[in-house]
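Note sheet for the following structure.
What follows draws every value from the coordinates through simple rules; no lab data is involved. Being a predicted model, the structure only gives us computed values, none of them experimental. Cβ placement follows ideal geometry from the backbone for every residue including glycine, while neighbour counts extend to all protein chains displayed.
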Amino acid sequence: MDQSKAAEGGCHLGYLGWRQPILWAAADALLASAPEGHVADLSNHLVVLPVARAGRRLVEILLARTEADGRPLRPPGITTVGGMPEHLYLPARPLPDPVAARSAWRQAVGSIRPDELAVLAPAPSELDVDGLRSSIAATLESLHDRVGAAGLGFHEVAERCRQGLLFSDEERWMVLARAQQEYRALLAAGGWSDREGSRRHALEEGRVLTTNRLWVIGAPDLPPVARAFLEAVRAPAPVEILIGAPADLAAYFDHLGCLIPEAWEEEGCVLPDSAIRVVTAPGEQADVLVEHLRHVARGRSAEEISVGVPDRDVVPYVVERLEEEGIRARHAEGRRIERTALYRLLAGVAVYLEGGLEGGGFEGFADLIRHPEVERRLDPRPGDGGSVRSAVSRVLPSVADRYQALHLPSRLGRVGERLPMGGERVSEALGRSLGEFRDGFLELLRPLEGSRPLSQWAERIRGFLVSVYGSGTYHRARARDRELVEVMAKVGGILEGLEGLADLEGGRASALDEVVSASGALRTVIEGLSGEFVPPAADEEAIELLGWLELALDDAPVLVVTGANEPHLPQSVTFDPFLPHALEQALGLLDNRGRWARDVLYVRTILATRPDTLFVAGRQDPEGNPLHISRLLLADEPLTAARRIRMFFEGRGELRAGAVPGGEGTPLVLPPEPVISAPAPPKRIRVTAFREILADPYRYALERILGLESEDDRARELDPLRFGTLAHEVLRRYGRGDTVELVGESEIRHALDGILELEARERFGSRPLPAVTIQVEQLRRRLHAFARWQAEWMSAGWRIQGVELSFVGEGASLAVDGEPIGLAGKVDRVDQNVETGVFCILDYKTGERVLTPDEVHRRGRDAAKVWVDLQLPLYRYLAPSLLRDGGEPVVPTPALESLRVGYLSLPRDPALAGVAWAEWTPDELGQALERAREVVRFLRQNRFEHNPATSRIEPTHPLAPVVGGGVLRLEEDERKSHA
């Protein structure tokens, strides 16, 4: 250890230097202070470190040192800076259970008057009052801790707001102060004292003392309350403060070993260029890591290698890439509890139950049935037991997706209530199948119905979890069970806290056991879980992935720091609605200046103790958004900084990987089947398929030959296709009923209104989504335009002869090279003018604007026009195969010569509703038939090859990932980026 000196008060400063890792130097200092003898007795020492992992590692180093000397060790007590004060005083009253504290904050927020609440947050809707109250309570709880770290209450913050700040936020802080006062009063009524208040009273009353020898190691940014405790503590010896820096930097630290931010503002980090790599994507950062380890870590054990991950987004890429190399990785921080299955279950149920058990939204139901345990419970496979419903031979999420896409439900409904099934094919029976699932789902949640005190919800929530997960045995040591056991233990602790609220009898404290719905109780549980982590299993053979604050005290000789980008490195807070930078500084809290000083120190410490460290920066995050290089990598002389900025923005400094991560030497090829062939050429084809083949044969093959299609539940309104389907169904019913004889506009309009209401109710139920309600009214407006047109059409002599007619018989085919191919399809409507005898085929169009048949069917100009759609020409060609029920043709043979085809358009503008005729000549119709024969010949070749140059699969199309769209850059793009 470098020279040390006495500091002000009862503290003694020591400088550990950078000749060896900080914790090794600290261990030497601790052992040097131990009494002489055959035992290294440090049991009367209390060591304070900035992070818990450093404490565990320090004990390991102490054991290694004493074992080498042949002495047993009695280890010191270890705590973190945040937990230090509780080792130096005894609270006059016990601290509250976290559940009680959280409930007290909610009650305190509830005491805020509406006019005061408006100062803190916008006025909520009636349905969101509880959610807003919980949200504000969580914010106040966090502020209470942060401001308490300065040894202050909200009232003192309000006073500081008056003192020289450009903007005074005094009004809001006074509201918060009144809520804080109520919070403390509620705790006092329950026999508790809050931690921050207890600390403050201990300082004021001089009750800060310890019988241990106190050490503070490598803590350069102590919060004000920790500083106050160190200055006030009465101990048997001066507090030993060990600074992780050499003594020649003494002017940069204050009397408690904390950084002086002003002294570090112009300090830089002199990194050699060889210590910096810049790449583009997160996966490339992982490639750099692996490449670097191949060169510098050969022969080293896992415990000799650490990977810094200031940016959590890089972690999955690093873990995957290391595993590809056969290297296990362990993220020391652990898995965020919000990402665990149990948390998502509880959060999903809380959201669903916000509307009550039988008033919950379909969206929440659809989310929950994707949870593997819920799906297993509702839709068991053979061999599973304990189901609440009979097995249905369908995959539950798929049934829900298809039902949602067709019916767009807003609510799930009650047990036994018939779900809308209009528009379903008989073979689908989606509504009936989903009704069974729905009933089982509601029975599963039945114990969570109603409202009751928080304490009484604990047993019901336990019962619900047992019904979902079963009563089997789960083992923490078993890998597949470990996460569930860890989270379930945390949930169990919170439920015990809820039950403890029942012991609060009478007085104000009893209000903490408030009467809430199951949603409110579950919200309390998930609030208690939020922000927690599930620690990873111990694995001595795994490389540790460490957060930035752990790296300066880490001692692994090989270190790679990924994610060297703003705002992760240096850590900075760009906006805080309650604690802006100026107020943080006025309160003495750690602000961006302090974070910069700390991170400069840490970089210099890392480079001095591990000179081969590599910093890796990326240009893009996982979503492709641009990133900024860390200012720490630019904190050098100006020319060096300028050169690195150019390197970052001009694309230099990249690792050239030879293959796509995931298979060294085996690049992924997309699409996986560049050429598709059907088992045999088709004998029959839909008329509308010709347009699909002409547009993109490969996409046609993916969808029609391989049967690829997307299923999801993202739709919240009718897409153009389903809007048109609804219109077609209403017009089909109109054309097949007695309504077809109506001639007056008002009569037709009234009939259409009735059909529309019936069809909408059958498809979407009595409580459709708001967007669907609007779309139904939009369609009503178009149908009224149709009624006006239909009345005029009838007065001109036209009568409907048939609707939704299919092509049947031998005539429904096209001869190609002497071999017929069947043609399938339906025409929307066939009319005859009873005065002229002329027939016509009409195809309904509900697009936003009016297009003529020629605009849809052909592209180009004049003689160069090319057929891109063959629907209406084929309709005209196939007209003889349209037959009535008795077998006679709908269009008699003599009338075929004068048969007309066209679109009956119902666009957004009702004034434009009407017929647009196809005006093709016999020669042009002949060209269309020849074009159809060309398509049939192509089909018979049975070779559908992907052509990126002509593909019509856009990057946003569901099939885009199959052909590489939006997933991987093409090899040519890679070459260009490195040219």
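Observations on the model:
- Distance between modelled label sites at ALA796 and ARG933, nm, 7 Å Cα→Cβ extension: 3.5
- Each peptide in 318-330, 778-790, 294-306 was scored by the mean count of other Cβ atoms within 10 Å over its residues; highest first, the order is 778-790, 318-330, 294-306.
- Each residue of the range 700-715 was assigned a 3J(HN,Hα) from its phi angle through the Karplus expression (A = 6.51, B = -1.76, C = 1.60, θ = phi - 60°), giving 4, 5, 4, 7, 9, 8, 7, x, 6, 8, 9, 10, 7, 10, 7, 5 Hz with x at Gly and Pro.
- Packing-based order for 272-281, 558-567, using average beta carbon neighbours within 10 Å, highest first: 558-567, 272-281
- Dipole of the range 338-534 [Lys/Arg +1, Asp/Glu -1 at C-beta], most positive-end residue of SER410, ALA509, ILE526: SER410
- Of the residues ALA366, VAL558, ALA895, the one whose Cα sits farthest toward the positive end of the charge dipole of the chain, with +1 on the Cβ of Lys and Arg and -1 on the Cβ of Asp and Glu, is ALA895.
- The amide H of ALA635, built 1.01 Å from its N in the peptide plane, has CYS269 as neighbours under 5 Å, considering only residues 5 or more places off or on other chains.
- Efficiency of FRET from Cβ geometry, GLU375 and THR473, R₀ 35 Å, rounded to 0.05: 0.95
- Sum of side-chain charges, VAL730 neighbourhood, beta-carbon under 15 Å (Lys, Arg +1; Asp, Glu -1): +4
- Estimated FRET transfer efficiency (GLU231, ARG446; beta-carbon r; R0 56 Å; 0.05): 0.45
- Once Rg and the Kirkwood radius are both taken over the C-alpha atoms of the range 51-166, their ratio Rg/Rh works out to 1.19.
- Here the range 338-534 is assigned +1 on the Cβ of each Lys and Arg and -1 on the Cβ of each Asp and Glu. Its dipole about the Cα centre then comes out at about 660 debye.
- Projection of the Cα convex hull of the range 98-204, averaged over all directions and equal to a quarter of that hull's surface, yields 7.4 nm².
- Given charges at Cβ of Lys, Arg, Asp, Glu: the chain dipole, positive-most of ILE748, ALA332, ALA26: ILE748
- Spin-label pair SER135/ALA429, simplified geometry with 7 Å Cα→Cβ offset, distance in nm: 4.4
- Sites ARG71 and ARG300 - FRET efficiency at Förster radius 30 Å, r taken between beta-carbons, to 0.05: 0.55
- Magnitude of the charge dipole, the range 426-470, Cβ model with Lys/Arg +1 and Asp/Glu -1, debye to 20: 200
- Where GluC sites (Glu not before Pro) fall in DSSP loop in the range 229-298, at most 12 other Cβ within 10 Å: GLU265, GLU266
- Straight-distance candidates among the aspartates and glutamates for linking to LYS845, with alpha-carbon spacing under 17 Å and chain neighbours fewer than 8 residues away dropped: ASP719, GLU729, GLU804, ASP828, ASP831, ASP854, GLU855, ASP869, ASP909.
- Cα convex hull of the range 338-534, projected area averaged across orientations, nm²: 12.4
- Mean Cβ count within 10 Å, highest first, over the residues of peptides 672-682, 215-225: 215-225, 672-682
- Lys, Arg +1 and Asp, Glu -1 on Cβ, resulting dipole of the range 290-341 about Cα centre, debye, nearest 20: 120
- Long-range amide H partners of GLY308 with built H, under 5 Å: LEU546, VAL560, VAL561, THR562
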